[in-house]
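Since the structure comes first, as structure tokens, the remarks are kept for the end.
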Amino acid sequence: MAPVLELRGIIKHFGPVQALRGADFILEEGEIHALLGENGAGKSTLMGIAFGLIRPDAGQILVRGNPQQIRGPLDARQLGIGMVHQHFTSVPALTAADNIGLTAGWSVSPGPLYRRVRDLGEQTGLPIDPAARAEDLPAVLKQRLEVLKALATDARILLLDEPSSVLSPAEAESLLTRIQGFRSRGMSAVLITHRLDEATRVADRVTVLRRGEVVHTGQANAEPPARLAALMIGDPGWAPQRASRSASAGEVRVRAQELAVERSGPSGAPLREATFGARSGEVVGIAAVEGNGQRELLRAVAGLLRPSQGKLEVSAPVSFVPEDRTSEALIGEFTLAENLAMSQGQSGAWVRGPWLDWGAVERRTLELLGEFSVRAPGPKTPAMALSGGNQQRMVLAAALERHPMVLVAENPTRGLDIKATAEIHARLREAANQGVAVLFHSSDLDEVVELADRVLVVRKGRVIELPHGATRQEIGARMLVEVPGAG
Amino acid sequence: MDADLLVSFLTSAVRVATPLLLAALGETLAERGGVINLGIEGAMLAGALAAAIGSTAGGPWAGTLAAVTTGAMLSLGFGLIAVAAGANQIISGTAITLGAVGATGAIYREVYGSAGVGLSLPTFPVLPIAGLDRIPLLGPALFEQSILTYLGYAAVPALWFLLFRTRWGLALRAAGESVEAATAAGVRVKRIRIVALVLGGMFAGIAGASLVLAQVGTFAEKMTAGRGFMAVAIVVLGGWRPGRVAGAALFFGAAMALQFLFQSIVLNLPYQLFLMLPYLLTLLVLAGGVGRVRAPAELGRE
Amino acid sequence: MRAERSLPLISAVAAGIAVLAVTLVATGHDPIVALGAMWRGAFGSWDTILSAVLPRSIPLIVIGLGIGLAFRTGALNIGAEGQFYAGAIAATWAGLHLNGWPGPLAIAALLITSILAGVLWVAVPVLLRVRFGVLEVISTLLLNFVADALVSWMVQGPLQETKRIYPQSDQIAASARLPQVPGTRLHLGVLLAISLAVALWLIYRRTLWGFQLRATGAGPLAARIAGRIDTKQMIATALLLSGGIAGLAGGIEVSGVSYALFQNLSPGYGFTGIAVALLARLDPLGTIATGLLFAALEAGAGGLQREAGVPAVLVYLIEAVIIIVVLLSDAFARRRSDGRF
């Protein structure tokens, strides 16, 4: 079988960071090939280059044996490459039909366009309402729209970037089955994922990427999953340190009764009649598929969203570590000292009346850099010059500087490597040991299970408290299915 | 008020509204792409001067051609600064207008001498459309106008078609709603925005030409007097849709034409109040008081 | 840091002068003679400096400071022209009723009235932005037109002079006029402008609130979430203050220069003020410098026309070139440092 897509020796730098160090990748015709790696390994960058979103610093791309210059998505589409992105890339205010028509270059008259969209939906088993506005669609249909856009352009090579990240396990199953079906239509697909089980279930071959290099390529079932995991992590003998837990939890710091919160943003979901709590000294993990209301829960506790009904009592001060650190936690062009000053506001030790003592801010920032092992030249470094891991260390330092009673964290280890992740986990555990009530959510169920003392599942806006010692399977099941009589 | 006066007022309103309509249609294109072009005032003024000079040299059509070219060039300049280079749209648009005021003022003085002597130019005559102009009241008002007004009428459905029934229009609207999504769909956002700006500039140029060659009949310094900025307001009032923009332009034109009406009638109300009315109404519309309008999402974002 | 920031401005001014020189040559004027005339129009004598440049710089500096304040939070106030007029109308009305008041009190009353009027004039756009998310660019622009019409009505109606001949108001009470430096047209307003600049500089550099303004503009999302800053309130407050300051400029102009109200009191201060603020990088002390620069340019243009017969209006072209050069150099500087954040 001839390779239908080849990437050879791809090198890419983003400023000082090297994302890809001479990566090679071969996609054979008619196969489903999983590209495995943990967050930040370079998977999205590599496929972004294949799709023309990113230009490589060096390397070659061959499509069906011919070297190609892919300068942009248009070139890629012309070569029959389609990409389904992890995040929503449709124009929110336009209809589904308009979005598909725009991407595929179809004629714009509503009559013929709508018919074509309906036909496409039927053929592929992914029907969608052509007249629905993209921003009004629920997460599942938004994902479906992304897939339809790629299929509409007659793509023979499909690049799927973490397609199941916004789907519940059942929806993900269904999607993966569809993808397997594409094989029989003569398509080849790359499945970018960090989930081992998905890869081994669906793919014919796997390639493992680690820190920008290919460390393994082979048949999907040739190696045991443990070996693949070790290759992804890179240090087979190293296991993350699990910090010790303190004794039983103390006073109640968060109490919510019949809490209802309106949905925040187009991909959110409202929280309804949620009753839960968190105590000093414990780590409460929120397990939920994205878009079920967990964001609303966390942000309401953090004081950013107002409850529409019910009671919510939270002991102040509350610190919040938001999901998107580059836009919600830090101002890139501000220095670390300025970011610290901003995060502490009135309660900074350097604030006297209306006045702000910058000297004191800088001194304290320097101390924190040391305490939290933040690798940065100094307090006057702009935040954008730091790596993701160091930024997150700084964010956490600022959050703990307020000596909070409650700490709320959204996906605190997103995009971080294993070592930084372990550090963040340790700090959260340490904060709990010192009496903080920690509430966090991770889209990685394993992380929730590992770090949390107690697990709350949020599904369709309702909170279900799970008993101690619930297994991963049980938690996963609760995330998807209505269990009669419970929650 | 007798019918003659009303007809005369309506005719005047349509005539005054013509440059506003043309400029607003051009600005609609630009803003649908996500760009606020405050340089439209400058493009209109420069177009007016070009029309005057061109018409003196070769008649009104030559003047119009000169105006179209000038308007296009000014808006191209704006596009290069604000879109290609990425500078702040508001400030660069204001700078373009500022520069146009300076350049046109200086060129006018050099070419025609100072002391504001009224220039006499070959202009566009009124072109009655036989038959249609016999409709009571509206007939003469709508169909005894210059060719440029009729051009304006034709431009409204043409622009609607361009925006809503062509692939290019869809791509432009996508660029105006979400740069990220449009780019992912393969739209060359910067390029399409600049093209829209140039087209808009051409309209602004014709607007200036219509002001000189079909309304006032001569050129004077700073004669646009903010009409370009008015066009921005008209686009908002018209909800960025060509048909409604036309209605809004007529409304603004009527308000302006009221000035002349008041010279014939004695009323105790100051005419300035009526001058303020269109702007206050636009503010109301913006507040959602009279029909919610929704701006292209990328408007105002850098 | 200072040198790096003033270099684009200096080269921009040089570019502007170059464009002027080219235009002059193209139209058959001697550029050296003309440029000399321009220099003399601004700096030729103490009289030109004190009576032509400095008085013109005051409204530019004050409005520039106001616009700079708002722009720190990301809000672009292009309604300064309208707010200026609102302040001027209120100041004139107050000034006509302040006969018999002691000097300092009368001036203070007049200026406070003009500030309040400016705040009021920007209050509607602020409300629209806060409640309905309406772009303040559009709403403030609209109100400029309304202010123009309002002035027109005032000077032909309620505030018209008792003689009812010209469209202008009577002169304001003598006690309400800002004292002048004898022999010149320079008035006390210059001290007000400088004090305002220094006060704002202190606020931005040394206070928490001043810092939070910048945070709101630099990263509104992070300011709201990490900084717990009420960005809506910050922007609203900044816009209201900005309007008040623009209104103050109108009051100062009435109290120090015109002593009355008439149309076209402002030759576009509201728009030139935007450039003054931008070119100073929103720095208050820098605004003094850029305000002086633009005032000198416009005073020089007067000399250009008087001595060399070159239309004064050409100065707007020079100003436009300066603004555009600075904008472009800023844009390219941003491109160069664009890493992935």
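Taken together, the values in this text are just the output of simple stated rules run on the coordinates, not laboratory data. This structure is a prediction, so every number in the text was calculated from the model and none was measured. Note that we place each Cβ from the backbone using ideal geometry, even for glycine, and neighbour counts take in every protein chain shown.
Using amide H atoms built 1.01 Å from N in the peptide plane, name the residues 5+ places from A:Ile286, or on other chains, whose amide H lies under 5 Å from its own.
Amide H neighbours of A:Ile286, under 5 Å, 5+ apart: A:Phe440, A:His441, A:Ser442, A:Leu456.
By how many nm would the segment from C:Leu191 to C:Tyr166 lengthen if fully extended, with 0.36 nm per residue of separation less the alpha-carbon distance? If you can, show how the numbers build up before the last one.
Details: separation 25, 0.36 × 25 = 9.00 nm, distance 3.27 nm.
Fully extending the segment from C:Leu191 to C:Tyr166 adds 5.7 nm.
Along the Cα→Cβ direction, 7 angstrom out, place labels at C:Ile32 and A:Lys460. What is the inter-label distance in nm?
8.9 nm
What is the projected area of the convex hull of the Cα atoms of the stretch C:150-270, averaged over all directions, in nm²?
Values: hull surface 41.0 nm².
Computing the convex hull of the Cα atoms and averaging its projections yields 10.2 nm².
Say we join alpha carbon atoms closer than 10 Å with springs in a Gaussian network model of chain B; which of B:Leu25, B:Leu121, B:Leu281 then has the biggest fluctuation?
Among B:Leu25, B:Leu121, B:Leu281, the largest GNM mean-square fluctuation belongs to B:Leu281.
Calculate how large, on average over all directions, the projected area of the Cα convex hull of the stretch C:2-336 is; give the answer in nm² to one decimal. Write down the numbers at each step before the final one.
Values: hull surface 75.6 nm².
Average projection, Cα convex hull of the stretch C:2-336: 18.9 nm².
Looking only at chain A, where both bridge partners belong to it, what percent of the DSSP beta bridges are antiparallel (to the nearest 5)? Spell out each step's value before the answer.
Numbers: 42 of 77 bridges.
Once the DSSP bridges in chain A are tallied, antiparallel ones form about 55 percent.
What trypsin sites (Lys or Arg not before Pro) in the stretch C:155-226 are in a loop by DSSP, with at most 16 other Cβ atoms within 10 Å of the Cβ? Write out the running numbers ahead of the final one.
Numbers: sites: C:Lys163, C:Arg164, C:Arg177, C:Arg185, C:Arg205, C:Arg206, C:Arg214, C:Arg224; in loops: C:Lys163, C:Arg164, C:Arg177, C:Arg185.
Sites meeting the loop and neighbour criteria: C:Lys163, C:Arg164, C:Arg185.
Just to be sure I understand the model, the point goes 7 Å from the Cα along the line to the Cβ. What's the resulting A:Ala170 to A:Asp154 distance in nm?
3.8 nm
How many Cβ atoms of partner chains, on average, are near each residue of A:341-353 if near means within 10 Å of its Cβ? Provide the component values of the computation, followed by the final result.
On the way: counts 5, 14, 6, 4, 8, 3, 1, 1, 0, 1, 2, 1, 2.
Mean inter-chain Cβ contacts per residue within 10 Å come to 4.
Work from the charge dipole of the protein assembly as shown (Cβ charges, +1 for Lys and Arg, -1 for Asp and Glu, about the Cα centre) and give the residue of C:Ala108, B:Gly205, B:Ala254 farthest towards its positive end.
The residue sitting farthest along the positive end of the dipole is C:Ala108.
Of the DSSP beta bridges with both residues in the protein assembly as shown, give the percent that are antiparallel, rounding to the nearest 5. Working shown, then result.
Numbers: 48 of 83 bridges.
If we restrict to bridges inside the protein assembly as shown, about 60 percent are antiparallel.
Taking beta carbons within 10 Å but only from partner chains, what does the mean come to for residues B:171-180? Display every interim value, and only then the final one.
Details: counts 3, 0, 5, 8, 1, 2, 7, 9, 1, 5.
What the average comes to for B:171-180 is 4.
7 Å from Cα along Cα→Cβ at both A:Leu62 and B:Leu6: what's the point-to-point distance in nm?
Those two pseudo-labels are separated by 8.1 nm.
Within a Cβ distance under 11 Å of C:Ile63, other residues only, what is the Lys/Arg minus Asp/Glu net charge? Present the calculation step by step, with values, prior to reporting the outcome.
Values: positive: none; negative: C:Glu81, C:Glu253.
Counting the neighbours of C:Ile63, the net charge comes to -2.
Can you quote the Å³ per residue value for the convex hull of the Cα atoms in chain A, rounded to an integer? Could you put the intermediate results ahead of the total?
Values: hull volume 81.0 nm³, N = 487.
Each residue corresponds to 166 Å³ of Cα convex hull volume.
Give the angle, between 0 and 90 degrees and rounded to the nearest 10, that separates the Cα long axis of helix A:358-371 from the longest principal axis of the Cα atoms of chain A.
With both axes taken from Cα atoms, the answer is about 70 degrees.
If R0 is 22 Å, what FRET efficiency do you get for C:Gln233 and A:His87 from their C-beta distance, rounded to 0.05? Please list the in-between numbers first.
Values: r = 31 Å, r/R0 = 1.42.
Approximately 0.10, to the nearest 0.05.
How are the Cα pair distances of the protein assembly as shown distributed, in percent, across 20 Å bins from 0?
Per 20 Å bin, starting at zero, the Cα-Cα P(r) for the protein assembly as shown comes out as 11, 36, 34, 17, 2, 0 percent.
For the stretch A:380-476, would you read off the P(r) tail past 19 Å as a percentage of all alpha carbon pairs?
Values: 2181 of 4656 pairs.
So the portion of pairs separated by more than 19 Å is 47 percent.
When Cβ neighbours within 10 Å are restricted to other protein chains, what is their mean count per residue of peptide B:186-197?
Details: counts 13, 5, 2, 0, 0, 0, 0, 0, 0, 0, 0, 0.
Per-residue shielding by partner chains comes out at 2.
Give the range of the longest stretch in chain A that excludes all trypsin sites (Lys or Arg not before Pro) found in loop regions by DSSP and having at most 13 other beta-carbon atoms within 10 Å.
Working: sites that count: A:Arg71, A:Arg185, A:Arg242, A:Arg375, A:Lys380.
It works out to A:243-374.
In sequence order, what are the phi-derived ³J(HN,Hα) couplings for the stretch B:71-82 according to the Karplus relation 6.51 cos²θ - 1.76 cosθ + 1.60 with θ = phi - 60°, rounded to whole Hz, with x for glycine and proline?
x, 4, 5, 4, 6, 4, x, 4, x, 5, 6, 8
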